[in-house]
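For reference, the structure discussed in these notes is given below.
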Amino acid sequence: TLFVGVTIAAWTVGSRFAVAFALFGYLACHYLLGDSRYELSFTDARTLAVMVAYALSCGLIIAIGETMRSAQDRAHARGELLRVALAGIDDAIIATDIESRITYLNESAEVLTGWSCREAVGHPLTASFALTNTADENGNVSEPMQSVLARGGAALAPHATLLGRDAVARCIEQSTAP
């Protein structure tokens, strides 16, 4: 159970606290549960071997936890940089995951669709707006992400109409890229 505590400490608050937790945990267990209870002696070979194995195990857990924290921090920073870059583009941008669920809308997309980013995230792309193609005799546009994945490249629908949440039809030039 100490390893779980060391793992949680390494992941949530960092390596310094995890080292302190590991050291305190070992000393407490050795003092309270060791062969010679209520004594702190490190003279026999078995105790030293257990201490070294514990230290190596905790060191590995702390190194993995610190690596995970660092990777998570870098991913968050990159995500924030991407969010700021996309927010600064005047064109409406809607980002989706591979299942066509909305992951991001910039401010222009919010205005066009009538959905806020917070409301739209997680919803299927087709739930946030409807597209029709004014050049197509059927008036339908295939679901953008599915057509891009099937085609394997970017798609452009220069004569599309977007029907937003407010039921107002807007002429748009729609492009979709993987």
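The values are calculated or read from the model by the stated rules, or taken from the named source; none is laboratory data. This is a predicted model, so every value here is computed, not measured. FYI the Cβ positions are ideal-geometry reconstructions off the backbone, even for glycines, and counts take in every protein chain you see. These area figures cover heavy atoms from the full protein model, side chains too; ligands, DNA and RNA do not enter into them. Shrake-Rupley method; radii C 1.70, N 1.55, O 1.52, S 1.80 Å.
Values computed for the structure shown
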| read-out | value |
| --- | --- |
| When residues of the range 129-139 are limited to those that are small (Gly, Ala, Ser) and either open to solvent by 40 Å² or more (accessible area, probe 1.4 Å) or modelled with pLDDT of 70 or more (or both), the one nearest to residue 92 (Cα to Cα) | 130 |
| Subset of the range 3-24 [open to solvent by less than 40 Å² (accessible area, probe 1.4 Å) and more than 25 Å from the chain's Cα centre (by Cα)] | 22 |
| Matching residues, the range 114-124, being in contact with an Asp or Glu (Cβ under 7 Å, 6 or more places away or on another chain) and surrounded by 15 or more Cβ atoms within 10 Å (Cβ to Cβ) | 114, 117 |
| Those residues of the range 92-113 which are part of a strand (DSSP E or B), open to solvent by less than 40 Å² (accessible area, probe 1.4 Å) and either aliphatic (A, V, I, L, M) or in contact with a Gly (Cβ under 9 Å, 6 or more places away or on another chain) (or both), in sequence order | 95, 102, 105 |
